[in-house]
């Protein structure tokens, strides 16, 4: 290869420097008030002006400032904004587009199918999924940001294994991954997370969004059909547009309270708890506690008493390393006290640097107990008025700034400063305080520590996802002595006691109020809530609520009547709906999500597998249980038995599965036949044997119509194969290409060995003939089912 001389290289560099300006980075569009959108971007070196484009058409130019106001965008329409830098002689390429919608003003009265209060991660998931089913959905958000803590500084996802990502969170993760073009999508800048969330929200057909709008009052009336103590329903919700005080009244058919504090639910009369339960046999880490993480010990000073203390809140700052020599020191915060931060670890050993690293030299600030957490000042926050909450938030803001000021001045990290391209419409600061826990509402099921700990000894047939993050709590009181082994009264982190676990549907349904989902402040004790408060899990709750709302409205059901088995089948669909063909319940119709959920962890079962929905549905009911952890370690808690989808079905395994199916038949009064599989338990089962056993269990007889070209009426395989095929259980469910001959005639291949995944599909279809056709099987309405030792 010919080598260029130094002078020629210099000339090439000079020529390049005179080329068109580069594309502007970090383009962002934000609706500030209805009818006005502000566009931001990072300045481009050498640019003298910028062209701003909306939906491909230039709408204006900006001089040296990297911002532009668009007050001509039609309301309630989604627009794509791009920016191109210019110099004296050329125009550069467009930066990455930003999506935004100009909100329509709230009206004096409005009606909708589903009202979602709070655009938290759970709220966004509920609203988007509901809209994908064609529901008329209104989404309210008190701030200007859609996506809860994921867009307000929590940039390091609270999930221990990327393979546990599924459902709506997986959609979000893939969106982040696409924005960066690299990485696993689990770490993101707030601006990027917000762009992804807005894309999901604005891509949902017909979804009405009102930002900077809060609920202020609720009206209730007697429930139309009182059920199980749920005697009230929400008839209206009054709202106010915070900037100008404009008021409105919304009359929804169903309501989702997705906020951390659950004001709408509380005003409607749903019962709740604030604070901590006392220590008990089922909850050894409950109540007043000093916990030694390293030694896994509850320290002697712990009383275990119940109280109304709440774990600390904080603002999650996003800071950036601006490089050597940069000085990004902020002014000394009001009330700054260096002593509050003196025992914080040095920057390079802080949580921020070791666990909070984000793309583009940024960091999530979440250090505790000495750091951004402010303990002991939030006990009244959950039940406080909006004005009182704003006063408390001011104290948290100054405390967080004090920690940053300490890092910059005492630790000498002046090159670390607040990110310049996140939160630009909010003065460079997160719009939302991190409210880790507030009210927790009471449902018919209240999850506790033992429920999580014993997750491998039972199954939850109403699962709508899995969680994996450790039960934890930040401190409730400041830590006075840095030498003690605890991290402040109230703090614990229990990965060795937290296996991956199924997240149950029914803890979203509060007592007393009939038409309400609570998808953030779910029904759990303080200890158990530590794993449910994580954003990936909250998205599971929100998505399931959106599906259940669609089912309830279409089939005229109370929320307690919605069959969770149908919700699961929707969440397990692999083809999402769109504006042209909305999601709809039922076989063959599009589903609500671009990524299927995990109802149970089977590490070697691909979501792309044809048997995935069947196996997941069965596993949620105990057909394929995973062994309990062999030791009390974080790694063991996250382990799971493989499913081995392509392994031969053995005689012992088929007998075990048919026994479970038979017991479920007996639970609804159906007498199924006993089955005994001859031969060694480890021998492989043929298709002929599998069909005969399954048909024999139900006592099904064959029909005269021939379904297979290679099974004659006088064949031993005829009865079983024909009986199953007459009921829609045939080899075609395994994939046409593997079951048809070159002449395209259907073949049964009776002597072929059945795989575990193939039999699971037959088993799933056979279960349709047990119990109610549409509603839940009675066993699936129980909060949990024990897993017999013999079944493992």
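Key figures
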item	result
Calculated FRET value between residue 292 and residue 681, using beta carbons and R₀ = 51 Å, to 0.05	0.60
Long-range tail of P(r) for region 393-461 (Cα pairs > 21 Å, %)	55 percent
Proxy reagent accessibility, fewest Cβ within 10 Å first, across 555, 767	555, 767
Whole-number percent relative contact order across the chain, with pairs defined as alpha carbons under 8 Å at least 6 apart	12 percent
Stokes-Einstein D in µm²/s, Kirkwood radius over Cα pairs - region 177-286 at 25 °C with 0.890 mPa s viscosity	136 µm²/s
Mean ellipticity per residue at 222 nm, deg cm²/dmol - from DSSP H runs of n ≥ 4 across the chain, formula -39500 (n - 2.57)	-7000 deg cm²/dmol
Convex hull volume per residue for the chain, taking Cα atoms only, in Å³	210 Å³
Mean separation of Cα contacts under 8 Å (6+ apart) over length of region 71-218, as relative contact order %	27 percent
Percent of beta bridges antiparallel (DSSP, the chain, rounded to nearest 5)	75 percent
Largest-first ellipsoid semi-axes for region 651-791, taking √(5λ) over the Cα gyration tensor eigenvalues, angstrom	27, 17, 14
Three-way shape label, region 573-718, alpha-carbon gyration tensor, a/c 1.5	oblate
Globularity ratio of region 21-101, using Cα Rg and 2.2 N^0.38 Å	1.01
Convex hull of Cα atoms in region 318-426, direction-averaged projection (nm²)	7.6 nm²
Simple spin-label estimate for residue 589 and residue 633 in nanometres, 7 Å along Cα-Cβ	4.8 nm
Dimensionless Rg/Rh of region 235-334 - Kirkwood Rh, Rg from C-alpha atoms	1.16
R0 of 22 Å, Cβ-Cβ distance residue 395-residue 481: FRET efficiency to nearest 0.05	0.40
Rounded FRET efficiency, nearest 0.05, which uses the C-beta distance separating residue 334 from residue 71 and R0 of 41 Å	0.70
Two-decimal Rg to Rh for region 474-576 - Kirkwood Rh, Cα set	1.12
Distance (nanometres) between label positions extended 7 Å along Cα→Cβ at residue 666 and residue 709	4.4 nm
Coarse-grained scattering of region 141-207 at q = 0.14, 0.15, 0.26, 0.27 Å⁻¹, given as base-10 log I(q)/I(0) from a Debye sum over alpha-carbon atoms	-0.39, -0.45, -1.24, -1.31
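Bear in mind that the values in this text are calculations on the coordinates, not laboratory data. All of these numbers come straight from a predicted model, not from anything done at the bench. In this analysis, Cβ positions are derived from the backbone assuming ideal geometry, glycine residues included, and neighbour counts consider all displayed protein chains.
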